[in-house]
Amino acid sequence: MISRALITATAVAVSLLAGCAVNPVTGKKELSLISQGQELALGEQQYPINQQQQGGQYILDKSLQDYVNRVGQKLARVSDQPHLPYEFVVLNNSVPNAWALPGGKIAVNRGLLVLLDDEAELAAVLSHEIVHAAARHSAAAMSQQQVLGAGLAVLGAATKETAYGDLVSLGGQLGGTAYIARYGRENELESDRYGMKYMAAAGYDPQGAVRLQRKFVQLSKGKKASGLQALFASHPPSQSRVDANIKHAQQLSKGGATNRAQYQRAIAQLKRDADAYQSYDDAVAAINNKQYDRALSLVRQAQRQQPKEASFYALEGDLLAHKKQYRNAHKAYDSAVQKNPGLFSNWLKRGMASAQLNNYTAAERDLERSLRYLKTAHAHYYLGQVNEKQGNVRNAYSHYRTAAQAGGEIGSKAQARMQAIGNKG
């Protein structure tokens with residue numbers, strides 16, 4: 001009699017043989033249970049979701065977005081998969097990090113850009129992420145975890161470290177979540193090596209990658225290392241990586257562009273606003289320490305330093321809502337919406353404030369608008385509230401049922417309302 005374990009082992013072996021694919025960068029055969037078509041679809045679907053969850057695009061200086069995209073596309077053209085639909089965006093997030101989704105959907109946070117000194121270091125960051133996409137590292141990571149029975153690799157990078165962490169996204173329950181893989185050591189070294197090759201091919205000084213890794217090692221030893229956990233979790237620094245990059249650089253053509261002056265011009269607005277973003281980050285830290293009055297003072301200071309930044313007004317709204325000053329909170333959220341209408345949380349929070357003020361028409365409009373950008377449990381829960389208040393019990397129940405899928409505190413509240421409606425019926 002054939003044992004179940006043997007059958008399972010045979011099935012896994014068959015799937016491994018059937019699921020081998022050639023790594024487009026190294027030429028080696030590797031496990032891949034996900035087709036490139038599936039990868040492209042996943043990246044396309046998740047890219048806007050991940051952006052919304054992590055602060056949205058940085059919009060105060062559009063020229064910076066254009067600059068980073070130009071550098072990225074220049075590198076992508078010399079990659080081993082130049083025909084992927086590459087995109088490069090700068091996110092309005094203080095956490096120094098960068099990431100790649102399948103299919104070449106790449107993001108870099110403004111918090112990382114201010115740590116770099118020149119365009120060659122930016123090219124090192126972007127080429128590293130390009131290799132992750134071109135070598136299909138995400139597909140390999142997800143395939144490996146499927147074989148191990150651990151589910152897909154999921155990492156909502158940096159979401160917890162922003163002002164959006166408590167707004168529960170329904171991406172996982174409604175067809176997607178933040179697929180940002182934690183890559184293994186071999187993947188990281190591979191991305192360093194081939195990324196430097198792309199840098200040289202695009203005309204950049206590969207020493208930029210050496211300087212970048214040295215910088216990360218120094219940062220990991222510094223006093224602020226605890227604030228860089230998202231960066232180090234996905235891109236662990238080490239002296240061995242520095243040494244490997246030095247070795248690879250010796251095998252590549254000498255020289256190449258650093259474009260320091262161009263880079264410094266590109267990030268000039270970020271540097272001018274450094275004090276404003278520091279005030280904002282200090283306000284978030286004060287909130288975490290329950291120092292709400294200090295946080296309010298700091299975020300208003302940030303507004304004076306840079307009055308065009310929407311996130312400063314949204315955080316003021318959060319603090320005023322915490323004090324139950326909903327009319328003033330609504331006014332702050334209104335400023336956030338006007339300054340950045342493309343971020344889900346600005347519409348969501350203004351809608352929540354409108355609901356507290358019993359302005360149900362405005363609340364419904366804003367909450368529905370937020371869902372166009374990101375499906376969240378909070379939007380559905382408050383739409384349930386708005387509909388219930390107006391006597392639309394069937395619609396209310398439907399929204400509560402959707403919110404309940406998120407679990408946690410908001411899911412429990414939605415479940416309670418569903419039960420209350422059911423008891424009335």
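The values are calculated or read from the model by the stated rules, or taken from the named source; none is laboratory data. Note that the structure is predicted; figures quoted are calculated from it, not measured. Here the Cβ positions follow ideal geometry from the backbone for every residue, glycine too, while neighbour counts run over all protein chains shown. Accessible surface areas use protein heavy atoms only, side chains included; no ligands, DNA or RNA. Shrake-Rupley method; radii C 1.70, N 1.55, O 1.52, S 1.80 Å.
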Does any residue of segment 277-298 turn out to be under 23 Å from the mean Cα position of the chain (by Cα), of a type in the set (S, T, N, Q) and at pLDDT 95 or above? yes
Identify all residues within segment 84-123 that are of a type outside the set (A, V, I, L, M, F, W, C), closer than 18 Å to Val25 by Cα and open to solvent by 10 Å² or more (accessible area, probe 1.4 Å); write none if there are none. Pro85, Tyr86
Out of the residues in segment 202-239 that are of a type in the set (Lys, Arg) and either surrounded by 16 or more Cβ atoms within 10 Å (Cβ to Cβ) or over 20 Å from Asn109 (Cβ atoms) (or both), which is modelled with the highest pLDDT? Arg211
Check Thr8 against each of (1) modelled with pLDDT under 95; (2) open to solvent by 20 Å² or more (accessible area, probe 1.4 Å); (3) closer than 21 Å to Glu129 by Cβ; (4) not acidic (Asp, Glu) and name the one condition it does not meet. (3)
Select from segment 370-393 the residues that are over 25 Å from the mean Cα position of the chain (by Cα) and among the polar types (S, T, N, Q) and write down the one among them that is farthest from Gln405 (Cα to Cα). Gln390
Give segment 52-64 a look and list any residue that's at pLDDT 95 or above, assigned to a helix (DSSP H, G or I) and open to solvent by 20 Å² or more (accessible area, probe 1.4 Å), or say none. Lys62, Ser63
Gly342 fails exactly one of (1) within 26 Å of the chain's Cα centre (by Cα); (2) surrounded by fewer than 21 Cβ atoms within 10 Å (Cβ to Cβ); (3) more than 25 Å from Gln45 (Cα to Cα); (4) among the small types (Gly, Ala, Ser), namely (3)
When segment 90-110 is checked residue by residue, the ones that are at pLDDT 95 or above, within 18 Å of Phe216 (Cα to Cα) and of a type outside the set (A, V, I, L, M, F, W, C) are Asn109, Arg110
Looking at Arg300, Arg350, Arg294 in this structure, which one is within 30 Å of Ser279 (Cα to Cα), surrounded by 21 or more Cβ atoms within 10 Å (Cβ to Cβ) and of a type in the set (D, E, K, R)? Arg350
Looking at segment 349-362, can you tell me whether even one residue there is at pLDDT 95 or above and at positive phi? yes
